[in-house]
Amino acid sequence: MARNNHPTEYAVIGLGRFGSSVALTLTGLGYNVLGIDRDRDIVQQLADQLAQTVALDATNEDALRQVDITSYETVIVAIGSNFEANLLTTVSLKSMGVRTVICKALSERQKTILLRVGADRVILPEHEAGCRLGYELAIGSLDRIELGSTHSVAEFRAPASLAGRSLRQAGLDTVLGVNVLAVKRGEALTMLPPPDYVLQADDVLVVGGSNDDISRLSELE
């Protein structure tokens, strides 16, 4: 079952709602995914949708070696209900030399512990989904990426009052303090638009700045 290391391959351990969503999304984007779960029924359900699936106990290093887990540069540990198994699997993967291990956690306490034992990144799905919804409601953003605790990159539709005005006239950078990184107009994407770029109704702006400044921009009508 040995596999050559390849940048378009991932392994996902734990095929519950979160893990299966990650695995199927990666597959849909053209990546080869190895799905692992100790529940044979779950593995069987996804067998036709993933490149490879296997039922095994991921806390068993010998079992992981049998599927050549170290040939995958990135392994996602999506074990949620059994934190001990999550922790042991993470420790095993890092001790075996897996380059990048991304884990799912259910609390900040779990996140702290997983980072201490070597996890490269820890996801809190419910927390992050809640934050995204909060910013969507408060800022009106279509999507948002946090840059620390005070700054973000956000995407939202241009206010109607900006239609027909150039970026220079709108003064988004000089007045509101946000930088327009890109403008999406239908299928067209303009990166770092010049100051004389004229905005149209229904343009989608990708802006960067402080959360307070982005919030002020969202208040424009």
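Structural size metrics of the chain, computed from C-alpha coordinates, are Rg and Dmax of 21.7, 64 Å. Going by neighbour counts of Cβ atoms within 10 Å, the residues M191, M96 line up, fewest first, as M191, M96. Full extension of the chain between S210 and A163 gives 14.6 nm of extra length, using 0.36 nm per residue less the Cα-Cα distance.
For a distance above 20 Å, tell me the whole-number percent of Cα pairs in segment 35-103 that qualify. Write out the running numbers ahead of the final one.
On the way: 541 of 2346 pairs.
So the portion of pairs separated by more than 20 Å is 23 percent.
With neighbour counts taken as other beta-carbon atoms within 10 Å, the residues T53, T74, T100, T89 rank, fewest first, as T100, T74, T53, T89. Computed extension length for Q44-R65: 5.4 nm, one decimal, from 0.36 nm per residue of separation with the Cα-Cα distance subtracted.
What length, rounded to one decimal in nm, is gained on full extension from D57 through to T100, with 0.36 nm per residue of separation minus their alpha-carbon distance?
13.5 nm
Between E61, E187, E73, the residue with the greatest mean-square fluctuation in the GNM of the chain (Cα pairs under 10 Å linked by springs) is E187.
When the alpha carbon gyration tensor of segment 9-123 is reduced to an equivalent ellipsoid, the three semi-axes, largest first, read 20, 15, 13 Å.
Using Cα centres only, tell me the gap between segment 171-192 and segment 52-118 in whole Å. Here the answer is 40 Å between Cα centres. Approximating the spin labels as points 7 Å out from Cα along Cα→Cβ, the L147-to-M191 distance works out to 1.6 nm.
We did not get these values from a lab; they are worked out from the coordinates using the rules stated. Just so it is clear, the structure is predicted and the values come from calculations on it, not from any experiment. Here the Cβ is made from the backbone with ideal geometry for all residues, glycine too, and neighbour counts use every protein chain on show.
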